[in-house]
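The values are calculated or read from the model by the stated rules, or taken from the named source; none is laboratory data. Remember, it's a predicted structure, so these values are computed and weren't measured experimentally. Here Cβ is always computed from backbone atoms with ideal geometry, including for glycine, and neighbour counts include all displayed protein chains. These accessible areas exclude ligands, DNA and RNA; they are computed on the full protein's heavy atoms, side chains included. Shrake-Rupley method; radii C 1.70, N 1.55, O 1.52, S 1.80 Å.
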Amino acid sequence: KAGVTQTPRYLIKTRGQQVTLSCSPISGHRSVSWYQQTPGQGLQFLFEYFSETQRNKGNFPGRFSGRQFSNSRSEMNVSTLELGDSALYLCASSLIGNREGEAFFGQGTRLTVV
Amino acid sequence: AQSVTQLDSQVPVFEEAPVELRCNYSSSVSVYLFWYVQYPNQGLQLLLKYLSGSTLVKGINGFEAEFNKSQTSFHLRKPSVHISDTAEYFCAVRLDGGGFKTIFGAGTRLFVKA
(Lines give C-alpha, C1' and ligand atoms only; values in the text may rest on other atoms or scores of the structure.)
Protein backbone atom coordinates (compact mmCIF):
# COMPACT_ATOMS: atom_id res chain seq x y z
CA LYS A 1 0.00 0.00 0.00
CA ALA A 2 1.09 3.58 -0.54
CA GLY A 3 3.19 5.24 2.13
CA VAL A 4 2.90 8.67 3.67
CA THR A 5 2.94 11.34 0.97
CA GLN A 6 4.10 14.87 1.61
CA THR A 7 3.74 17.68 -0.90
CA PRO A 8 5.52 19.61 -2.10
CA ARG A 9 8.97 18.07 -1.60
CA TYR A 10 10.75 21.42 -1.87
CA LEU A 11 9.67 25.01 -1.28
CA ILE A 12 11.38 28.36 -1.36
CA LYS A 13 9.59 31.25 0.32
CA THR A 14 10.43 34.81 1.27
CA ARG A 15 10.46 36.16 4.81
CA GLY A 16 7.04 37.36 5.86
CA GLN A 17 5.13 35.04 3.54
CA GLN A 18 3.01 32.16 4.68
CA VAL A 19 3.19 28.54 3.57
CA THR A 20 0.97 25.46 3.64
CA LEU A 21 2.36 21.93 3.63
CA SER A 22 0.30 18.84 2.96
CA CYS A 23 0.46 15.29 4.30
CA SER A 24 -1.56 12.30 3.12
CA PRO A 25 -1.30 9.46 5.63
CA ILE A 26 -1.35 5.76 4.90
CA SER A 27 -4.87 4.62 4.09
CA GLY A 28 -6.74 3.82 7.29
CA HIS A 29 -4.38 5.74 9.57
CA ARG A 30 -6.14 8.29 11.73
CA SER A 31 -3.23 9.91 13.57
CA VAL A 32 -0.93 12.42 11.88
CA SER A 33 2.04 14.06 13.59
CA TRP A 34 4.31 16.84 12.35
CA TYR A 35 7.98 17.38 13.15
CA GLN A 36 10.52 20.06 12.30
CA GLN A 37 14.07 18.87 11.61
CA THR A 38 16.96 21.34 11.61
CA PRO A 39 20.73 20.80 11.97
CA GLY A 40 20.81 22.88 15.14
CA GLN A 41 17.69 21.71 16.98
CA GLY A 42 17.29 18.20 15.57
CA LEU A 43 13.81 16.71 15.38
CA GLN A 44 11.18 18.62 17.28
CA PHE A 45 7.54 17.68 17.71
CA LEU A 46 5.09 20.25 16.37
CA PHE A 47 1.67 18.71 16.89
CA GLU A 48 -0.46 15.62 16.46
CA TYR A 49 -3.96 15.29 15.04
CA PHE A 50 -6.37 12.45 15.53
CA SER A 51 -9.84 12.34 14.03
CA GLU A 52 -9.67 16.02 13.07
CA THR A 53 -8.72 17.11 16.62
CA GLN A 54 -5.36 18.37 17.81
CA ARG A 55 -4.38 15.96 20.54
CA ASN A 56 -0.82 17.04 21.40
CA LYS A 57 1.17 20.19 20.80
CA GLY A 58 4.87 21.00 21.02
CA ASN A 59 6.52 24.24 22.04
CA PHE A 60 6.22 26.27 18.88
CA PRO A 61 4.82 29.78 18.44
CA GLY A 62 1.28 30.35 17.25
CA ARG A 63 2.55 31.04 13.74
CA PHE A 64 2.64 27.27 13.36
CA SER A 65 -0.79 25.74 12.98
CA GLY A 66 -2.35 22.70 11.48
CA ARG A 67 -5.55 20.90 10.76
CA GLN A 68 -6.82 17.51 9.78
CA PHE A 69 -9.62 16.72 7.40
CA SER A 70 -12.25 14.01 7.62
CA ASN A 71 -10.21 11.80 5.26
CA SER A 72 -7.26 12.11 7.72
CA ARG A 73 -5.19 14.24 5.35
CA SER A 74 -3.44 16.99 7.24
CA GLU A 75 -2.08 20.41 6.45
CA MET A 76 0.43 22.49 8.33
CA ASN A 77 0.56 26.25 7.98
CA VAL A 78 3.33 28.64 8.93
CA SER A 79 2.54 32.34 8.80
CA THR A 80 4.92 35.30 8.75
CA LEU A 81 7.88 33.14 7.81
CA GLU A 82 11.26 33.76 9.44
CA LEU A 83 14.69 32.67 8.24
CA GLY A 84 14.84 30.25 11.18
CA ASP A 85 11.83 28.38 9.85
CA SER A 86 14.02 26.88 7.15
CA ALA A 87 13.91 23.16 7.87
CA LEU A 88 12.81 19.73 6.78
CA TYR A 89 9.21 19.23 7.88
CA LEU A 90 8.30 15.61 8.43
CA CYS A 91 4.87 14.12 8.73
CA ALA A 92 4.20 10.75 10.35
CA SER A 93 1.04 8.69 10.38
CA SER A 94 -0.11 5.97 12.72
CA LEU A 95 -3.11 3.71 12.82
CA ILE A 96 -4.58 5.08 16.06
CA GLY A 97 -1.70 7.03 17.53
CA ASN A 98 -1.39 5.08 20.73
CA ARG A 99 1.92 5.31 22.52
CA GLU A 100 2.98 1.80 21.52
CA GLY A 101 2.23 2.35 17.88
CA GLU A 102 4.64 2.64 15.01
CA ALA A 103 4.90 5.95 13.21
CA PHE A 104 5.41 5.84 9.45
CA PHE A 105 7.23 8.87 8.15
CA GLY A 106 6.97 10.65 4.83
CA GLN A 107 10.02 11.91 2.95
CA GLY A 108 9.44 15.42 4.16
CA THR A 109 9.07 18.88 2.71
CA ARG A 110 12.24 20.94 2.65
CA LEU A 111 11.35 24.58 3.24
CA THR A 112 13.89 27.29 2.55
CA VAL A 113 13.10 30.83 3.68
CA VAL A 114 15.12 33.57 2.00
CA ALA B 1 11.98 17.67 31.99
CA GLN B 2 12.29 14.66 29.78
CA SER B 3 15.25 14.42 27.43
CA VAL B 4 17.15 12.04 25.20
CA THR B 5 20.92 12.20 24.86
CA GLN B 6 22.82 10.48 22.11
CA LEU B 7 26.37 10.48 23.32
CA ASP B 8 28.11 10.42 19.95
CA SER B 9 27.33 12.76 17.09
CA GLN B 10 29.40 10.73 14.63
CA VAL B 11 30.64 7.14 14.67
CA PRO B 12 33.07 6.01 11.96
CA VAL B 13 33.57 2.26 11.70
CA PHE B 14 35.03 -0.20 9.23
CA GLU B 15 32.83 -2.60 7.32
CA GLU B 16 32.16 -5.90 9.13
CA ALA B 17 33.18 -4.41 12.48
CA PRO B 18 30.73 -4.26 15.41
CA VAL B 19 29.14 -0.97 16.39
CA GLU B 20 27.32 0.46 19.39
CA LEU B 21 25.35 3.72 19.27
CA ARG B 22 24.67 5.07 22.73
CA CYS B 23 21.46 6.58 24.01
CA ASN B 24 20.52 7.80 27.49
CA TYR B 25 17.22 9.27 28.56
CA SER B 26 15.84 11.08 31.54
CA SER B 27 12.25 10.85 32.61
CA SER B 28 10.26 10.77 35.82
CA VAL B 29 7.57 8.59 34.25
CA SER B 30 7.58 5.32 32.36
CA VAL B 31 8.81 5.56 28.80
CA TYR B 32 8.58 3.68 25.57
CA LEU B 33 11.85 3.63 23.62
CA PHE B 34 12.53 3.61 19.90
CA TRP B 35 15.38 3.66 17.44
CA TYR B 36 14.85 5.14 13.96
CA VAL B 37 17.15 5.32 10.94
CA GLN B 38 17.19 8.10 8.37
CA TYR B 39 18.89 7.67 5.00
CA PRO B 40 19.83 10.79 2.99
CA ASN B 41 16.81 12.70 1.70
CA GLN B 42 14.44 10.22 3.30
CA GLY B 43 12.03 10.16 6.19
CA LEU B 44 12.59 8.07 9.30
CA GLN B 45 12.19 4.31 9.43
CA LEU B 46 11.60 2.36 12.64
CA LEU B 47 14.42 -0.03 13.52
CA LEU B 48 13.08 -1.37 16.79
CA LYS B 49 11.12 -0.48 19.89
CA TYR B 50 10.96 -1.36 23.55
CA LEU B 51 7.56 -1.29 25.22
CA SER B 52 7.87 -3.84 28.02
CA GLY B 53 9.05 -7.37 28.69
CA SER B 54 12.45 -8.64 27.61
CA THR B 55 15.06 -5.93 27.83
CA LEU B 56 16.86 -7.16 24.71
CA VAL B 57 15.00 -6.09 21.61
CA LYS B 58 15.77 -7.27 18.10
CA GLY B 59 14.96 -5.12 15.10
CA ILE B 60 15.35 -5.02 11.37
CA ASN B 61 18.62 -5.20 9.43
CA GLY B 62 20.37 -7.16 12.20
CA PHE B 63 20.18 -4.39 14.81
CA GLU B 64 19.36 -4.96 18.47
CA ALA B 65 19.12 -2.78 21.55
CA GLU B 66 19.16 -3.35 25.27
CA PHE B 67 17.02 -1.43 27.73
CA ASN B 68 18.77 -0.78 31.02
CA LYS B 69 16.40 0.86 33.49
CA SER B 70 18.99 1.45 36.23
CA GLN B 71 21.29 3.26 33.82
CA THR B 72 18.41 4.80 31.85
CA SER B 73 20.05 3.66 28.65
CA PHE B 74 18.92 2.10 25.39
CA HIS B 75 22.06 1.45 23.34
CA LEU B 76 21.82 0.17 19.77
CA ARG B 77 24.19 -2.53 18.56
CA LYS B 78 25.04 -4.47 15.43
CA PRO B 79 27.68 -7.22 15.41
CA SER B 80 28.82 -6.61 11.82
CA VAL B 81 28.01 -3.48 9.83
CA HIS B 82 27.71 -3.02 6.07
CA ILE B 83 28.36 -0.02 3.87
CA SER B 84 24.60 0.26 3.43
CA ASP B 85 24.19 0.95 7.17
CA THR B 86 25.67 4.41 6.64
CA ALA B 87 22.88 6.72 7.81
CA GLU B 88 21.71 8.85 10.72
CA TYR B 89 20.24 7.05 13.71
CA PHE B 90 17.82 8.58 16.17
CA CYS B 91 16.90 7.40 19.63
CA ALA B 92 13.44 8.46 20.76
CA VAL B 93 11.08 8.19 23.71
CA ARG B 94 7.38 8.43 24.24
CA LEU B 95 6.15 9.14 27.71
CA ASP B 96 3.52 7.22 29.59
CA GLY B 97 0.54 9.56 29.52
CA GLY B 98 2.06 11.64 26.73
CA GLY B 99 0.13 10.06 23.93
CA PHE B 100 1.89 9.98 20.63
CA LYS B 101 4.27 12.88 21.31
CA THR B 102 7.79 11.65 20.62
CA ILE B 103 11.01 13.19 21.91
CA PHE B 104 14.04 12.57 19.71
CA GLY B 105 17.74 12.63 20.44
CA ALA B 106 20.05 14.77 18.32
CA GLY B 107 21.04 11.82 16.16
CA THR B 108 24.23 9.84 15.53
CA ARG B 109 25.71 9.72 12.08
CA LEU B 110 27.11 6.24 11.42
CA PHE B 111 29.72 6.19 8.68
CA VAL B 112 30.81 2.75 7.52
CA LYS B 113 34.13 2.66 5.69
CA ALA B 114 35.29 -0.03 3.28
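Determine the dipole magnitude for chain A: charges of +1 sit on the beta-carbon of Lys and Arg, -1 on that of Asp and Glu, nothing else is charged, the reference point is the Cα centre, and the result goes in debye to the nearest 20.
The calculated dipole for chain A is roughly 160 debye.
Calculate the spin-label point distance for A:S51 paired with A:V114, positioning each point 7 Å from the Cα along the beta-carbon direction, and give it in nanometres.
4.5 nm
For the cross-link pairs B:K58/B:K113; A:K57/B:K58; B:K58/B:K101; B:K58/B:K78, which exceed 21 Å when the distance is taken from alpha carbon to alpha carbon?
B:K58/B:K113; A:K57/B:K58; B:K58/B:K101, as the Cα separations exceed 21 Å there.
Quick one: which residues, 5 or more positions from A:G108 or on another chain, have an amide H under 5 Å from its amide H? H modelled 1.01 Å from N in the peptide plane, none for Pro or chain starts.
A:Q6, A:C91
For segment A:20-26, in order, what is each residue's ³J(HN,Hα) by Karplus, 6.51 cos²θ - 1.76 cosθ + 1.60 with θ = phi - 60°, in whole Hz (x at glycine and Pro)?
The phi angles translate into 10, 10, 10, 9, 10, x, 4 Hz.
Please work out the C-alpha center-to-center distance from segment B:1-62 to segment A:1-50 and express it in whole Å.
23 Å
Using the Karplus equation 6.51 cos²θ - 1.76 cosθ + 1.60 (θ = phi - 60°), what ³J(HN,Hα) coupling, rounded to whole Hz, does each residue of segment A:48-54 give in order, writing x for Gly and Pro?
Once rounded to whole Hz, the list reads 10, 10, 9, 6, 6, 10, 6.
For the protein assembly as shown, with only Lys/Arg (+1) and Asp/Glu (-1) charged at the beta-carbon, what is the dipole magnitude about the Cα centre, in debye rounded to 20?
500 debye
So how strong a dipole does chain B carry about its Cα centre when Lys and Arg Cβ are +1 and Asp and Glu Cβ are -1, to the nearest 20 debye?
With Lys and Arg at +1 and Asp and Glu at -1, about 240 debye.
Normalised by the residues of segment A:1-69, what does the relative contact order come to in percent, with Cα pairs under 8 Å and at least six apart?
After rounding, I find 21 percent.
For segment A:84-92, take each phi angle, set θ = phi - 60°, evaluate the Karplus expression 6.51 cos²θ - 1.76 cosθ + 1.60, and give the result in whole Hz per residue in order, putting x for glycine and proline.
x, 7, 4, 5, 9, 9, 10, 10, 9
Over both sides of the A-B contact, add up the buried accessible area with a 1.4 Å probe and give it to the nearest 100 Å².
1900 Å²
Please compute the per residue accessible area over segment A:1-91 with all protein chains in place, 1.4 Å probe, rounded to a whole number of Å².
On a per-residue basis, segment A:1-91 sits at 49 Å².
Determine which residues of segment B:60-89 fall in the zone a paramagnetic label at B:S26 would reach in this model, i.e. backbone nitrogen under 14 Å from the point 7 Å along Cα→Cβ.
Counting backbone N atoms under 14 Å from the label point, the list is B:72-73.
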